[in-house]
Amino acid sequence: MTTLIELRDIRKSYRQGKLFRKSRNVEILHGIDLSIYRGQCLGLLGESGCGKSTTARIVLGLEKSEGGVFYKGNDIWKMDKEAYRVFRRNAQVVFQNSQGAVNPRFRAWEIVTEPLSYLENPSREDLRSRARELLVRVGIDSGAMDKLPSQFSGGELQRICIARAMALKPEFIVLDEAVSALDMLNQSLVLDLIRELKKESGAAFLFISHDLRVLLKICDSLAVMQGGCITSRIEDLSCPEKTETPSDPVFMDLAAAVLPAEPQSA
């Protein structure tokens, strides 16, 4: 498999302190190493506060850290302006809070084509035509193009955000708790959509979640995170024995609730 994105020894600290108290550095990530391959959906599993979302921002180039983020073998922070522009075009994201991720004054077609308007500057007619194609692809009727975010359900708006992420035909998409705010029906619809888009586009996905059940439905491999560290990785989730015989304590705790128990011998 060809590596598309690689994190090498990523360390991240924040200054923490209160008024009249001396501030101190608090390390959030402690030497993260992670490879994401072309066409792969890698799940990043961990409990809240373990550093998953910080990792997402760093891998997207939205936040700097110690260590290196490599895109096709090139350190993104040492790229020239044009090379970095290519990276940013090819690295897109879908956040958990779809309402907070869109401009409430934008119509659906404007939300979907926002990346295109910044990077390609096409005509309004071309933007609307492209938006229509993308919205239909994610199961939104083209007649809803001029609706505002408040006129969509949570599941519909998340699909619109996915359409926006796909607008530039990226090579890599981060989904940060992208279905955790949805009910079970909408979760299933969105996961089916992501599965289809992955197959059609060949894009790589980093799917971040605290819900093992979701990751087992969508991911090819799995990395487990605890306390700012990657504690284990399962390369092939298609092999049942690899998910039913985990050695990582975080994985075991989360798996206990969703994986079938091994039958006990008489």
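Does N97 satisfy the criteria of being at pLDDT below 95, loosely packed, with under 13 Cβ neighbours inside 10 Å and among the polar types (S, T, N, Q)? Talk me through it step by step, then tell me what you get.
On the way: at pLDDT below 95: yes; loosely packed, with under 13 Cβ neighbours inside 10 Å: no; among the polar types (S, T, N, Q): yes.
Criteria not met by N97.
Residues of the range 164-197 being over 27 Å from C50 (Cβ atoms), of a type outside the set (A, V, I, L, M) and outside any loop (DSSP other than H, G, I, E, B), which ones?
Answer for the range 164-197, where residues must be over 27 Å from C50 (Cβ atoms), of a type outside the set (A, V, I, L, M) and outside any loop (DSSP other than H, G, I, E, B): R164, D192, E196.
I'm checking my understanding of the structure. Among residues of the range 35-62 that are over 17 Å from P170 (Cα atoms) and without any contact (Cβ under 8 Å) to a residue 40 or more places away in the chain, which one is surrounded by the most Cβ atoms within 10 Å (Cβ to Cβ)? Give the derivation first.
Filtering the range 35-62 down to residues over 17 Å from P170 (Cα atoms) leaves 35, 43-55, 58.
Then drop every residue that is not without any contact (Cβ under 8 Å) to a residue 40 or more places away in the chain, which leaves 35, 49.
Values: S35: 17, G49: 11.
Once the filter is applied, the top-ranked residue is S35.
Does the range 29-42 contain any residue that is within 16 Å of I230 (Cα to Cα) and within 13 Å of the chain's Cα centre (by Cα)? Break it down into steps so the answer makes sense when it comes.
Step one: of the range 29-42, the residues within 16 Å of I230 (Cα to Cα) are 29-36, 42.
Those left that are additionally within 13 Å of the chain's Cα centre (by Cα): 36, 42.
Yes, some residue in the range 29-42 is within 16 Å of I230 (Cα to Cα) and within 13 Å of the chain's Cα centre (by Cα).
Inside the range 146-179, can you point out the residues that are among the hydroxyl-bearing types (S, T, Y) and either under 20 Å from C219 (Cα atoms) or touching a Phe, Trp or Tyr at 6+ places or on another chain (Cβ under 7 Å) (or both)?
From the range 146-179, those among the hydroxyl-bearing types (S, T, Y) are 150, 153; that's our starting set.
Correct list: empty.
Step by step: first the residues of the range 108-137, then only those that are of a type in the set (S, T, N, Q) and closer than 22 Å to L157 by Cα, then the one that is modelled with the lowest pLDDT. Which residue is that?
Quick first cut of the range 108-137, residues of a type in the set (S, T, N, Q) only: 113, 117, 121, 123, 129.
Retained after the next criterion (residues that are closer than 22 Å to L157 by Cα): 113, 117, 129.
Working: T113: 94, S117: 81, S129: 94.
Here the answer is S117.
For the range 82-101, check the following and say yes or no: at least one residue is in a loop (DSSP other than H, G, I, E, B), over 20 Å from E63 (Cα atoms) and of a type in the set (A, V, I, L, M, F, W, C).
The initial filter retains those residues of the range 82-101 that are in a loop (DSSP other than H, G, I, E, B), namely 95-101.
Subsequent filtering for residues that are over 20 Å from E63 (Cα atoms) retains 98-99.
Then drop every residue that is not of a type in the set (A, V, I, L, M, F, W, C), which leaves none.
No, the range 82-101 contains no residue that is in a loop (DSSP other than H, G, I, E, B), over 20 Å from E63 (Cα atoms) and of a type in the set (A, V, I, L, M, F, W, C).
Report yes if G39 is under 18 Å from A203 (Cβ atoms) and either touching a Gly at 6+ places or on another chain (Cβ under 6 Å) or in a helix (DSSP H, G or I) (or both), otherwise no.
Values: under 18 Å from A203 (Cβ atoms): yes; either touching a Gly at 6+ places or on another chain (Cβ under 6 Å) or in a helix (DSSP H, G or I) (or both): yes.
Yes, satisfied.
Please identify the pairs in which a residue from the range 175-189 that is acidic (D, E) has its Cβ atom under 6 Å from the Cβ atom of a residue that is in a loop (DSSP other than H, G, I, E, B) and modelled with pLDDT of 90 or more, counting only partners at least 6 apart or on another chain.
Listed by first residue and then by second, the contacts come to D176/F95.
I want to confirm something. Restricting to the range 202-242 and keeping residues that are touching a strand residue (DSSP E or B) at 6+ places or on another chain (Cβ under 7 Å) and part of a helix (DSSP H, G or I), which single residue is modelled with the lowest pLDDT?
This residue is K242.
Answer yes or no as to whether S65 is among the small types (G, A, S) and surrounded by fewer than 19 Cβ atoms within 10 Å (Cβ to Cβ).
Working: among the small types (G, A, S): yes; surrounded by fewer than 19 Cβ atoms within 10 Å (Cβ to Cβ): no.
So S65 does not fit the description; no.
The values are calculated or read from the model by the stated rules, or taken from the named source; none is laboratory data. The model shown is predicted, which means the values in this text are computed figures rather than measured ones. No Cβ is skipped: glycine too gets one built from the backbone with ideal geometry, and neighbour counts run over all protein chains shown.
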